[in-house]
1. Of GLU41, GLU86, which has the most accessible area and how do the rest follow, probe 1.4 Å?
2. Measure off, as a whole percent, the carbon and sulfur share of the 1.4 Å-probe accessible area of segment 67-108, all protein chains present.
3. Keeping every protein chain present and rolling a 1.4 Å probe, give me the accessible area per residue for the chain in Å².
4. How many nm is it between the label spots at THR72 and GLU41, if each spot is 7 Å from the Cα in line with the beta carbon?
5. Under the Karplus relation 6.51 cos²θ - 1.76 cosθ + 1.60, θ = phi - 60°, what is the ordered set of whole-Hz ³J(HN,Hα) values for segment 108-119, x standing for Gly and Pro?
6. Work out the charge dipole of the chain with +1 on the Cβ of Lys and Arg and -1 on the Cβ of Asp and Glu about the Cα centre, then indicate which of TYR91, LEU11, TYR77 is farthest towards its positive end.
7. For TYR29 and LYS62, compute 0.36 nm times the residue count separating them, minus their Cα-Cα distance, and round to one decimal in nm.
8. Residue by residue, what Karplus-based ³J(HN,Hα) values in Hz, rounded to whole numbers, does segment 44-58 have, using 6.51, -1.76 and 1.60 with θ = phi - 60° and x for Gly and Pro?
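The values are calculated or read from the model by the stated rules, or taken from the named source; none is laboratory data. Not measured: the values here are computed from a predicted model. Reconstructed Cβ throughout: ideal geometry from the backbone, glycine too, with neighbour counts over all protein chains shown. Protein only, heavy atoms only, side chains kept; ligands, DNA and RNA dropped before computing areas. Shrake-Rupley method; radii C 1.70, N 1.55, O 1.52, S 1.80 Å.
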Amino acid sequence: QVQLVESGGGLVQAGGSLRLSCAASGRTYAMTWFRQAPGKEREFVAGILWSTLKTAYADSLKGRFTISGDNTRNTVYLQMNSLQPEDTAVYYCAGKRYSVAVVPQRSEEYEYWGQGTQVTVPS
């Protein structure tokens, strides 16, 4: 079983930036960030395929969030800029156990999950 450990969450003022990290203890074929705000469903944020380093983003977050990674270290990063109160959520890292051709955007397609890291942007 691969373990995922997130870090980098915290409280940031509106307009600020945060960088999240997620390290996997073993091999994955894709790593993705999801987030879940209170009372809302978990939603796809961004993901990366290790085979091609191809990335995918939620349309609403393109331009503000950037995903990157180091596949030699099984580590993925999420750079978040111009943060707004609506970005407040628990951010989860997910890993794909099996090879895929595109970044899956549904949470049920992922086998590995981190414990989540809280990001708070006060209004």
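1. GLU41, GLU86
2. On the way: 880 of 2100 Å².
Solvent-exposed carbon and sulfur of segment 67-108 make up 42 percent of the total.
3. 51 Å²
4. So the two model labels end up 4.0 nm from each other.
5. Rounded to whole hertz, the list is 5, 8, 9, 9, 10, 9, x, 7, x, 9, 7, 10.
6. So the residue we want is TYR77.
7. Stretched fully, the TYR29-LYS62 segment lengthens by 9.6 nm.
8. Values, residue by residue: 5, 10, 6, x, 9, 9, 6, 5, 10, 6, 6, 10, 9, 9, 5 Hz.
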